[in-house]
Amino acid sequence: MIEWLGIGHLFELSRTEAIAGFFTPLVIFAVFFLAQLILPGKRVPGYVINPQTGKPRSYRLNGIVVFAVALIVWAFELTGMPREWFYQSSVYAVTGGTVFTTIFAIMAVFSQPQGRIKNPLLALWDGRVQEISFFNERFDIKMYFYVVGGTMLALNALSGAAYNYEIFGENYNPGVFLYAAFYTYYILDYFIFERVQLYTYDLIHEGIGFKMFWGGLVVYGWLFILPLWGMAAYPSPGFSSGWTYFWLIGTTALFLFGWGISRGANMQKYTFKRWPDRKFLGIIKPEYIQAGDRKILCSGFWGAARHFNYLGEGFLGLSIALAFGYFTNPWAWIYFVFVVTFFTFRQRFDDAYCAEKYGAEKWAEYQARVKYRIFPGIY
């Protein structure tokens, strides 16, 4: 079965190596915890209000520093760990990471007083509280999830590229390296604009339960590179020089197009939340529907579709599928299928939530004004 799936190479570790792979996430979690506490950071107010003070919560951001240090340590093998280790130990790391995040989630959830969710299993999944921080808000657990998950996503992708080169040498697949470059750029961009994350759905609304622990650490950090489990084991697809340039440049252009939509939409909403009357990029005038003390942005990206940022994520997923150069291999399409399916369902949940948040009448007014859900003119 494993050989049929094309991932037999991920089960070639010795018993000792497999055990080390199982505990790798636990070591990573501990090292990143210390790194976030020790490395310098910048204090900024967020969007979420602290109920105890009535003021915005304070966050200490140092993701870009942690990310840079992690890249240097990995690239120069400063711990003695080979660059391809994260990729080779992927299956065992996901298993161990799932066990450890389950334990941490149980501790985090059931150490808090019972909230509105009475069922213990549902409470474990969703969490009982929305925020957990330590050391006078020096360490925030949600931001920790994103620093660890984002950094490990990039390192796992880069590790897969290192494995591909180790196995095939001069016959390496440039698409695997392009894939790793996509994710490294994507995460670097995230950390450059780390403060924007303070204004997103997860930070504002999600509870801290198993869904956040496992999703933020294991899914984001290790499972987002699932296509690489199968594709790093393939050499160069052997295209002609002309077709290779067309393939690599075209795929990169598609990635940047999707990134531009996603980043642009998120930045416009962030700008609107912080400075409601400011033109986005100096040219897009903010237009909105007043819903009590709230405002529904309906110009620019958010006038094209109600969840236009999801379209950008779809194009990113498509570029990732095409990056490997094996266009009919199912492994290459796993992330694209996942992201399209996920956001198709999530936008319906978002619509229901927004109708409750802004009021059914006002949200219906926005729906009438912005008719399309994700893809203008199509859906």
Built amide H within the under 5 Å cut-off of residue 298, gap 5+: 287, 288, 289
Would you work out what percent of the accessible area of the range 1-86, with all protein chains in place, is carbon or sulfur (probe 1.4 Å)? 69 percent
For the range 162-177, what does the Karplus curve 6.51 cos²θ - 1.76 cosθ + 1.60, with θ = phi - 60°, yield as ³J(HN,Hα) per residue in whole Hz, taken in order and with x for Gly and Pro? 4, 5, 4, 5, 4, 7, 10, x, 5, 9, 4, 8, x, x, 5, 5
Take the alpha-carbon centre of the range 153-171, take the same for the range 206-283, and report the distance between them in whole Å. 19 Å
Given the convex hull of the Cα atoms of the range 241-379, what is a quarter of its surface area in nm²? 9.7 nm²
Relative contact order of the chain, please, whole-number percent, based on alpha carbon pairs below 8 angstrom and at least 6 residues apart. 16 percent
Sorted by chain and then number, the residues having a modelled amide H within less than 5 Å of the amide H of residue 50, at least 5 places away or on another chain, are 55, 57
Counting each DSSP H run of 4 or more residues in the chain as -39500 (n - 2.57), what helix-only mean residue ellipticity at 222 nm follows after dividing by all residues, to the nearest 500 deg cm²/dmol? -19000 deg cm²/dmol
Counting only protein heavy atoms with a 1.4 Å probe and every protein chain in place, the carbon and sulfur fraction of the accessible surface of the range 214-305 in whole percent equals 62 percent
Using the basic label-point model (7 angstrom from Cα toward the beta carbon), what is the residue 341 to residue 116 distance in nanometres? 2.9 nm
From phi via Karplus (6.51, -1.76, 1.60), per-residue ³J(HN,Hα) for the range 290-307 in Hz, x at Gly/Pro: 7, 10, x, 8, 10, 10, 9, 5, 9, 10, x, 4, 7, x, 7, 7, 5, 9
Expected sort for 74-80, 63-69, 310-316 on mean C-beta neighbours within 10 Å, highest first, is 310-316, 63-69, 74-80
Heavy-atom accessible area per residue - the chain, 1.4 Å, Å²: 48 Å²
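Any idea what the relative contact order of the range 1-119 is, in percent, if you count C-alpha pairs under 8 Å spaced at least 6 apart?
In percent, rounded to a whole number, it is 34.
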Checked against the structure, the computed Cα Rg over 2.2 N^0.38 Å among (i) 1.19; (ii) 0.90; (iii) 1.03 is the one labelled (iii)
So if R0 is 45 Å, what FRET efficiency would residue 369 and residue 239 give, r being the distance between their Cβ atoms, rounded to the nearest 0.05? 0.45
Amide H to amide H, which residues 5 or more places from residue 139 or on other chains are under 5 Å from it, using H placed in the peptide plane? 134
Got a sec to turn the phi values of the range 19-35 into Karplus ³J(HN,Hα) couplings, 6.51 cos²θ - 1.76 cosθ + 1.60 with θ = phi - 60°, whole Hz, x for Gly and Pro? 5, 4, x, 4, 8, 4, x, 4, 5, 4, 4, 5, 5, 5, 4, 5, 4
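Rounded to the nearest 0.05, what FRET efficiency do residue 14 and residue 349 have when you use their Cβ-Cβ distance and R0 = 51 Å? Mind dumping the intermediate values first?
Working: r = 44 Å, r/R0 = 0.87.
Given R0 = 51 Å and the Cβ-Cβ separation, E is 0.70.
The values are calculated or read from the model by the stated rules, or taken from the named source; none is laboratory data. Since this is a predicted model, take the numbers as computed values, not measurements. Neighbour counts run over all protein chains shown; Cβ positions are idealised from the backbone, glycine included. Note: accessible area is taken over every heavy atom of the protein model, side chains too, but ligands, DNA and RNA are not part of it. Shrake-Rupley method; radii C 1.70, N 1.55, O 1.52, S 1.80 Å.
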